[in-house]
Amino acid sequence: MKKLLPLLIALLLISSRGEANFPVLEYHLIGTPEGRWQRTPANFRGDLEWLYQHNYYPFNLRDLLAGFNGLPKGKQPVVLTFDDSTIGQFRYLPDGRIDPDCAVGILKAFHDKHRRDWPMRATFFVLFETNAPDHNLFGQPDLAAKKLRQLTEWGMEIGCHTYSHDRLDKLGPAALRRTLERSQKGLKKLTGNEAVSLSLPQGAYPKDLTSISEFKLVAEVAGGFNDDKYDPLHVKRIQAIDSEWRRFFKRSAE
Ligand SMILES: [Zn+2]
């Protein structure tokens, strides 16, 4: 028994924190200052560095459907997700360069530095038309198509966040159909594909779940790590803010 006990403890630790447990991180605004819904460029860089140092390897959310196929030995999967298609996530500068301080610019620089270990993977849940212009397909109307093409070309995923950030529990069947259809049509036109992943505005599920059955994955707004018994219609996420990093990753402040 004395010999078995450490083994049992080791097995328990492995099964509770193994590769099967994957985090899906959730970002909203990228900019300054740091806040409940905003991560600074410096802190976002720090997040990538921390994940890299702790042997995480990025995937798109839809890669979950193929069991995160291609995960290198010794690495664990992480999914970075971005909600609301805000301009700080993807901004072109007047000279045509990608802003090095926007999320996409930071991801690209990180990828260029770690080509083998950090592919360009992330899932962007985009909005088309809201009364906050900075949230509509990354806030630069003339460049919206170019941005979605670029993300797709790099192999990143574009997901649906409804057409106008609509709470699905508040819509009747016709309005619900309409917001999802308009979003899917727009994505098909701009990226060539409809979305397979849906992020629910404010985490609100529709009363009739069959109304979102075209989506293979549905992301919640919170919940922590997912385990191997995850439910594709209830993918849990972790907000990438300091308090959540401490709580779920035991990451101390730098
Ligand atoms: Zn949102």
With the dipole of segment 96-252 worked out from charges on the C-beta (+1 for Lys and Arg, -1 for Asp and Glu) around the Cα centre, which of A132, F215, A145 lies farthest toward the positive end? A145
What value in Å³ per residue do you get for the convex hull of the alpha-carbon atoms in the chain? 144 Å³
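Give the order of V235, V196, V126 when sorted by the count of other beta carbons within 10 angstrom, beginning with the fewest. Write down the numbers at each step before the final one.
On the way: V235 22, V196 17, V126 32.
Placing the least packed residue first, the sequence is V196, V235, V126.
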Relative contact order (percent) for segment 21-249, with alpha-carbon contacts under 8 angstrom and 6 or more residues of separation? 20 percent
Restraint check, K188/K216; K146/K170; K147/K185; K75/K229; K108/K229, Cα-Cα greater than 25 Å: K146/K170; K108/K229
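If you take every DSSP beta bridge fully contained in the chain, what fraction is antiparallel? Give it as a percent rounded to 5. Walk me through the numbers before you get to the answer.
Values: 3 of 29 bridges.
Of all bridge pairs located within the chain, approximately 10 percent are antiparallel.
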Which value, in debye to the nearest 20, describes the size of the charge dipole of segment 21-249 about its Cα centre when Lys and Arg Cβ atoms bear +1, Asp and Glu Cβ atoms bear -1, and nothing else is charged? 380 debye
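Using Cβ counts within 10 Å as a stand-in for footprinting exposure, how do R251, R177, R121 rank, fewest first?
Details: R251 16, R177 12, R121 21.
Fewest-to-most Cβ neighbours within 10 Å comes out as R177, R251, R121.
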Computed FRET efficiency, Cβ-Cβ of Q150 and S213, R0 41 Å: what is it to the nearest 0.05? 0.85
In the neighbourhood of V235 defined by beta carbon distances under 15 Å, the net charge of the other residues (Lys, Arg +1; Asp, Glu -1) is -3
Sort T123, T191 by Cβ crowding within 10 Å, fewest neighbours at the top. T191, T123
Residue (of G192, L180, A66) at the positive-pole extreme of the chain, dipole from beta-carbon charges: A66
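None of the figures in this text is laboratory data; all of them are computed from the coordinates on show. Quantities reported herein were computed from a predicted structural model and do not represent experimental measurements. Cβ atoms come from the backbone with ideal geometry, glycine included; neighbour counts cover every protein chain shown.
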